[in-house]
Amino acid sequence: MATLISPSILSADFANLERDLGAISTADYAHVDVMDNHFVPNLTLGLPVFERLAQVSPVPLDAHLMIDDADRWAPQYVEAGAASVTFHAEATAAPVRLAREIRRMGARAGIALRPATPVEPYVDLLAELDMVLVMTVEPGFGGQSFIEGTLPKIRRTREAVRASGHDVWIQVDGGVARSTIARAAEAGANVFVAGSAVYGAQDVAGEIAALRAAAQDAFRG
């Protein structure tokens, strides 16, 4: 299984998003955090901006919806051009129905779990999903420190995926950098969201390559 890097544009310059998307053209995805100031205490961007980003991005967009009423809004992000849409388990009333609708529309479907949300209630749903996002910080703000206590949950998630026999990616988001990516990969993650580590680097493409190599060396799928 390949290890993938998905830089978060939450750390980009919002006045120059097209330029900063171009800077990560060697990445596998661009991670777009959509926040509504209700599910999390922050507000970022919505559908009109997302749709325009999808038109100019050199890489597929990975939409991470940190919003209430995901059942209503998630399909609209597929229509806006998302290649992957991840909704929070805590913000959906019908996760299977929503995942099926996202997949029917042609995008990958992911479910996200806050650090304190256990993975076990969702293990039986793995056949309906393409990705599980284990948050390694509390969602809502960039630049936070990696929560080491999430590593056992990453391991349990990988064990469950392995036992299920399904091709489900495990993504981590929060505090991912050269100092933490190997531990997350060794625990079983294979998709890595990195914001400040990428956009704060002098050589953005070089940092993406270094993160990818470190993850690939450590990954235990």
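See the values below:
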read-out: Conditions (1) in a helix (DSSP H, G or I); (2) crowded, with 22+ Cβ neighbours inside 10 Å: number failed by G175; value: (1)
read-out: Among the candidates F14, F87, residue that is aromatic (F, W, Y), under 25 Å from A197 (Cα atoms) and not in a loop (DSSP other than H, G, I, E, B); value: F87
read-out: Tabulated pairs, the stretch 174-191, first on the phi > 0 side of the Ramachandran plot, second in a loop (DSSP other than H, G, I, E, B) and among the hydrophobic types (A, V, I, L, M, F, W, C), C-beta under 6 angstrom, 6+ apart or interchain; value: G174/V137; G175/V137; G175/F146
read-out: Matching residues, the stretch 182-221, being polar (S, T, N, Q), closer than 23 Å to V85 by Cα and part of a helix (DSSP H, G or I); value: S196
read-out: Selected residue (only one of A83, A99 is closer than 27 Å to G221 by Cα and either surrounded by fewer than 20 Cβ atoms within 10 Å (Cβ to Cβ) or touching a Gly at 6+ places or on another chain (Cβ under 8 Å) (or both)); value: A83
read-out: Single residue of Q144, Q216 found to be modelled with pLDDT under 95 and over 14 Å from V119 (Cα atoms); value: Q144
read-out: Candidate set from the stretch 143-168 (those that are surrounded by fewer than 13 Cβ atoms within 10 Å (Cβ to Cβ) and charged (D, E, K, R)); member that is nearest to M1 (Cα to Cα); value: D167
read-out: For T26: the one exception among (1) touching a residue at least 24 places away in the same chain (Cβ under 8 Å); (2) more than 25 Å from G188 (Cα to Cα); (3) of a type outside the set (A, V, I, L, M); value: (2)
read-out: Of all residues making up the stretch 108-143, the number that are touching a Leu at 6+ places or on another chain (Cβ under 9 Å), under 18 Å from R155 (Cα atoms) and not in a strand (DSSP E or B); value: 3
read-out: Matching entry among A63, A74 (being in a helix (DSSP H, G or I), in contact with a strand residue (DSSP E or B) (Cβ under 9 Å, 6 or more places away or on another chain) and on the phi < 0 side of the Ramachandran plot); value: A74
read-out: V198 vs. criteria farther than 23 Å from P139 by Cβ and among the β-branched types (V, I, T); value: no
read-out: Residue within the stretch 159-172 that is touching a Lys or Arg at 6+ places or on another chain (Cβ under 7 Å), farther than 27 Å from V40 by Cβ and modelled with pLDDT of 95 or more present; value: no
read-out: Total residues in the stretch 50-75, condition surrounded by 15 or more Cβ atoms within 10 Å (Cβ to Cβ) and more than 12 Å from F87 (Cβ to Cβ); value: 10
read-out: Any hit, the stretch 152-161, residues being touching a helix residue (DSSP H, G or I) at 6+ places or on another chain (Cβ under 7 Å) and in a loop (DSSP other than H, G, I, E, B); value: no
read-out: Conditions (1) under 17 Å from the mean Cα position of the chain (by Cα); (2) more than 26 Å from I67 (Cα to Cα); (3) of a type in the set (K, R); number of the one not met by R178; value: (1)
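The values are calculated or read from the model by the stated rules, or taken from the named source; none is laboratory data. The structure presented is a predicted model; accordingly, all values stated were derived computationally and were not measured. Backbone-built Cβ (ideal geometry, glycine too); neighbour counts: all protein chains shown.
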